[in-house]
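The values are calculated or read from the model by the stated rules, or taken from the named source; none is laboratory data. Just so it is clear, the model here is predicted, and its values are computed rather than measured. A quick note on method: Cβ atoms are made from the backbone with ideal geometry, for glycine too, and the neighbour counts reach across all protein chains shown.
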């Protein structure tokens, strides 16, 4: 199992670490029993992500996917942000080992949860369509073979 | 500067080959290349070299007879040979086997295979202190128990099991006793006869010999079905032309690790203790595993609360330090180490486990370097965690 240089760069020099004190929306996903937890806080202006920070407890891939998703989401509209897929996150990092694909789910889920939190707080309907981790049938390690091969890089 | 550091602290995973071992095996690679099973001069030379190595290895481990040593391609093969070979020959129609729940996968997987072949297998839970209680073995033994397998030294937490007592309990009920001694030879005094086992596994690359050589000690008159069939080498117990150079390397390495045991074991224990003291005094919310039981001198196992193991491993690697972790993320599975779960360690803590293991070339300077580098790494990762403050209090280590 090898990480790409880009994964290692985001792991060793994570971008946008921290918490926004005056956050408009906060998403917290994961479970310490599974070894990974992520918290994303966002500032929203005109339905775009104006600022974003993350905190993550987890492995190299969990930290790297958290870091890159904050870079990807910045300046995006809320609709664009919740549409980011785990595959886009993995591709942006030059691929993830198959066993680590679920880490990118953590990152996209954290972002979705933060966006929905902002919307609900402002009396609007959530738009993410639910979190992958909340799906009882979600198996973080059941990676389709083709996808595993694609992302292995 | 830092990238150039090469601080290897994972001797329980593998060891570099000792230059003296290389010197001992090179002549046979170059000159003694005959097939030890051939009758002409070159064959006889190879045969003599192989049998000398067998005698030397037998002497080191306290075997009564060189014929009790079966050379294999490593510890995993030796474990498989014992776990499958003894029950399948003794009770081809099935019976009962006891293994400890925190064995190496090289024992657990053959045990699963035995279940598929109609055997009952008891996976005996260790006590929370990290050892198998002989009384628990006694309680699990049945009239149809054919084999008990309990590792001598645990490869993650380093606890030493009371093998002599367990073997006595097994023998009282007519069962054979196997122990995986891959982690113990050269770390603590070792003698198969004193332990009273019928079979024991050894691995070359854990004791400064190359990968690809190991051995199963099999006491005379212990039944064994071969796994690898062919030309009938190793007295029909393990076919395949023998690795003469590997056997010489293995015997030499075994002699070297036992020759300086009296001075090396206390030296390693002192390095381990300095490491543990350094970590626990620099960082809050750390726990040393299995301190209430006899441990191998070379393994320090710690739980660093609120940090994930792979993240620590990678950050240390960036500083030129090599260690292991029992976190799920490093294993490629969802579950953290089965060893830690078996002793009742909660998963959220097992994810933060690290194993630091020292060896022949570890210096005090290596330990001081580790202690300089490690605490800031942990602090940085804890600062990055969304739950550390919440879970472990406000004055984070």
Only one of these is part of a helix (DSSP H, G or I), modelled with pLDDT of 95 or more, out of contact with any strand residue (DSSP E or B) (no Cβ under 8 Å at 6 or more places or on another chain) and in the same structural domain as residue B:254 (by TED's automatic domain parsing): B:58, B:24. Name it. B:24
Is it the case that residue A:116 is within 14 Å of chain B (Cβ to nearest Cβ) and either surrounded by fewer than 24 Cβ atoms within 10 Å (Cβ to Cβ) or in contact (Cβ under 8 Å) with a residue 24 or more places away in the chain (or both)? no
Looking at segment B:30-46, can you tell me whether even one residue there is over 23 Å from the mean Cα position of the chain (by Cα), buried (at least 18 other Cβ atoms within 10 Å of the Cβ) and assigned to a helix (DSSP H, G or I)? yes
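Of all residues in segment B:216-231, which are crowded, with 22+ Cβ neighbours inside 10 Å and farther than 10 Å from residue B:199 by Cα?
Residue satisfying the conditions is B:224 alone.
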Can you tell me which of (1) crowded, with 18+ Cβ neighbours inside 10 Å; (2) over 14 Å from residue B:10 (Cβ atoms); (3) at pLDDT below 95 is the one residue B:325 doesn't meet? (2)
Quick test of your reading of the structure: residue B:193 fulfils all but one of (1) surrounded by fewer than 22 Cβ atoms within 10 Å (Cβ to Cβ); (2) touching a helix residue (DSSP H, G or I) at 6+ places or on another chain (Cβ under 7 Å). Name the failing condition by number. (2)
Return yes or no: is residue A:19 within 16 Å of the chain's Cα centre (by Cα), on the phi < 0 side of the Ramachandran plot and free of Cβ contacts under 8 Å to residues at least 40 places away in the same chain? yes
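Results for (1) without any contact (Cβ under 8 Å) to a residue 60 or more places away in the chain; (2) crowded, with 22+ Cβ neighbours inside 10 Å; (3) under 23 Å from the mean Cα position of the chain (by Cα), shown as yes or no for each residue.
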residue	(1), (2), (3)
B:145	yes, yes, no
B:158	no, yes, yes
B:162	yes, no, yes
B:168	yes, no, yes
B:176	no, yes, yes
Subset tally (residues that are under 27 Å from residue B:363 (Cβ atoms) and either surrounded by 22 or more Cβ atoms within 10 Å (Cβ to Cβ) or touching a residue at least 60 places away in the same chain (Cβ under 8 Å) (or both)) for segment B:232-288: 23
Scan segment B:353-379 residue by residue and report those that are under 29 Å from residue A:37 (Cα atoms) and exposed (fewer than 14 other Cβ atoms within 10 Å of the Cβ). B:372, B:376
Residue A:28 vs (1) closer than 22 Å to residue B:377 by Cβ; (2) touching a strand residue (DSSP E or B) at 6+ places or on another chain (Cβ under 8 Å): all pass except (1)
Within the set of pairs 6 or more residues apart or between chains, which connect a residue that is within 14 Å of chain B (Cβ to nearest Cβ) inside segment A:85-100 to a residue that is in a helix (DSSP H, G or I) and surrounded by fewer than 19 Cβ atoms within 10 Å (Cβ to Cβ) with Cβ atoms less than 9 Å apart? A:97/A:148; A:98/A:145; A:98/A:147; A:98/A:148; A:98/A:149; A:99/A:148; A:99/B:331
Some residue of segment B:99-119 being in contact (Cβ under 8 Å) with a residue 12 or more places away in the chain, in a strand (DSSP E or B) and more than 16 Å from the chain's Cα centre (by Cα): no
